[in-house]
Amino acid sequence: MARRLTCPYCYESISASGIRFRCHSRLGPTQKRCERRRDPVLAERMGQRAEIGPEFAADGRRRSAVCPDCESETTFRICPVCHMTLPVEFGMVDSRLIAMVGAKATGKTVYMTVLLHEMMNRVGGEFGACMLAADDLTMMRFVSEYQDHLYRDGRMFLGTRTAVANDNRIDPLVFRFGVRRRGLLGERPRHTVLSFFDTAGEDFNSRDSMEINTRYLSHADGIILLLDPLQMPGARPWAAPGTALPGTDGVDSPLNVLGRITNMLHARPGGHRRGGKVTTPLAVVFSKMDAFWHLLDRGSPLRRHPEPGSRFDVQDSLDVHEEVRHLLKDWDGMAIDRILDNNFARHRYFGVSALGHGPTPDARVAPTGIQPYRVADPLLWLLSETGSVPRTGRER
Ligand SMILES: Nc1nc2c(ncn2[C@@H]2O[C@H](COP(=O)(O)OP(=O)(O)O)[C@@H](O)[C@H]2O)c(=O)[nH]1
Ligand SMILES: [Mg+2]
Ligand SMILES: [Zn+2]
Ligand SMILES: [Zn+2]
């Protein structure tokens, strides 16, 4: 009964029966209409100040409820903590919260934008899957703050606001991802709610902001840790000539970021551990691989363009994992590998390039356009770990 769910917007833990409802505020059967007002909780927690129908308690395990004032039926179910409207069927379908973390300027915002764009367009089709924004706000924000900026205007992003500077909020983008799966009753879509958020790298530098992030990270079902090889002292000298190197002043090295996150995940109350290791799957993703392609053999898995398929390709992913491990040796990064081995029960390396090419000196997309390389692999791995997408063969 008391199954705990996590709200995809505020990442607080809630129970299905505690989910509340919001009145549509339309003319009801009794010719009464509930007045629209500003919801102080929504304003405080999510920064939303629009006037909307009143909220009320009812059995949150049901799809709809009748407003006690105007007696009209509503299907708007809301989170009891932050009052955001929950995605359709929330609590009835799988829900996966995907946290993305990494230091400043590792490429998180660019990567998230390209990843979501690819999932909604190309990759979705290959998997017979579809990905749609779960709410209007996500759709609007994704298009205006992310997609248009990069794809239409071809511009890089300014630094993401820190959670502390953003009224102690992290505003996740929430999507519904559906794959067709064969079952006893034929093909049926299987839906998963996906929640993504993009932190400011500085959030991992101070204690205050760490605490906000801890809630998000400790409730995540999967973590994408983005590490920028251009921020590793052992890798910088290997970057392709002409690559603009990010500044290192006040930026944590990838090793330190991993150390902080590891400590945070170990310290959280009620965390899942197996044999002393964190069990949340961790995708360790090296960004900006376009700056290193010139070093790799033609046969390298990191230069391969795998055939699109309808399943997550396990062997290909293991090949990439090994290749990245080799690169880490050349980059003096084996300390990263040791931390991962000692602390994480499930982790996998990835190498991606969101842009496929370094940006121009005036911070624009290169004239060749956006040519994403392997951006969806980490997410598909995380989803395959939890059974939300099918995988090939058997793993090891
Ligand atoms: N070469 C290369 N550079 C990238 C790529 N993605 C991002 N960058 C660079 O990294 C900078 C920071 O990216 P951004 O996503 O804003 O980083 P964030 O601070 O982690 O969100 C961008 O302005 C680009 O200069 C990529 O795929 N390849
Ligand atoms: Mg950013
Ligand atoms: Zn009403
Ligand atoms: Zn909430």
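In table form, for the structure just shown:
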{"quantity": "Label point distance in nm, residue 144-residue 311, each placed 7 Å from Cα along Cα→Cβ", "calculated": "4.4 nm"}
{"quantity": "Candidate lysines - alpha carbon under 24 Å from residue 104, same-chain residues fewer than 8 apart omitted", "calculated": "288, 329"}
{"quantity": "Taking 337, 153 and counting other C-beta atoms within 10 Å, the order from fewest to most", "calculated": "153, 337"}
{"quantity": "Computed Rg/Rh of the range 4-78, alpha carbon atoms with Kirkwood Rh", "calculated": "0.99"}
{"quantity": "Taking the C-alpha atoms of the range 1-141, convex hull volume expressed per residue in Å³", "calculated": "143 Å³"}
{"quantity": "Cα→Cβ-extended label distance, 7 Å offset, between residue 66 and residue 94, nm", "calculated": "3.7 nm"}
{"quantity": "Estimated FRET transfer efficiency (residue 73, residue 245; beta-carbon r; R0 45 Å; 0.05)", "calculated": "0.15"}
{"quantity": "Translational D in µm²/s for the chain (Stokes-Einstein at 4 °C, 1.567 mPa s, Kirkwood Rh from C-alpha pairs)", "calculated": "58 µm²/s"}
{"quantity": "Antiparallel DSSP beta bridges within the chain, percent to nearest 5", "calculated": "60 percent"}
{"quantity": "The range 42-100 shape via C-alpha gyration tensor axes, a/c threshold 1.5", "calculated": "oblate"}
{"quantity": "Rg ratio (alpha-carbon, reference 2.2 N^0.38 Å) - the range 249-376", "calculated": "1.19"}
{"quantity": "The range 55-157, relative contact order in percent, only Cα pairs under 8 angstrom and at least six apart counted", "calculated": "16 percent"}
{"quantity": "Virtual spin-label span in nm between residue 341 and residue 38, 7 Å along Cα→Cβ", "calculated": "5.7 nm"}
{"quantity": "Within the chain, helix-based [θ] at 222 nm, where runs of 4 or more DSSP H residues each add -39,500 (n - 2.57), nearest 500", "calculated": "-6500 deg cm²/dmol"}
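Bear in mind that the values in this text are calculations on the coordinates, not laboratory data. The structure displayed is predicted, hence computed values, not measured ones. Virtual Cβ from ideal backbone geometry, glycine too; neighbours counted across all protein chains shown.
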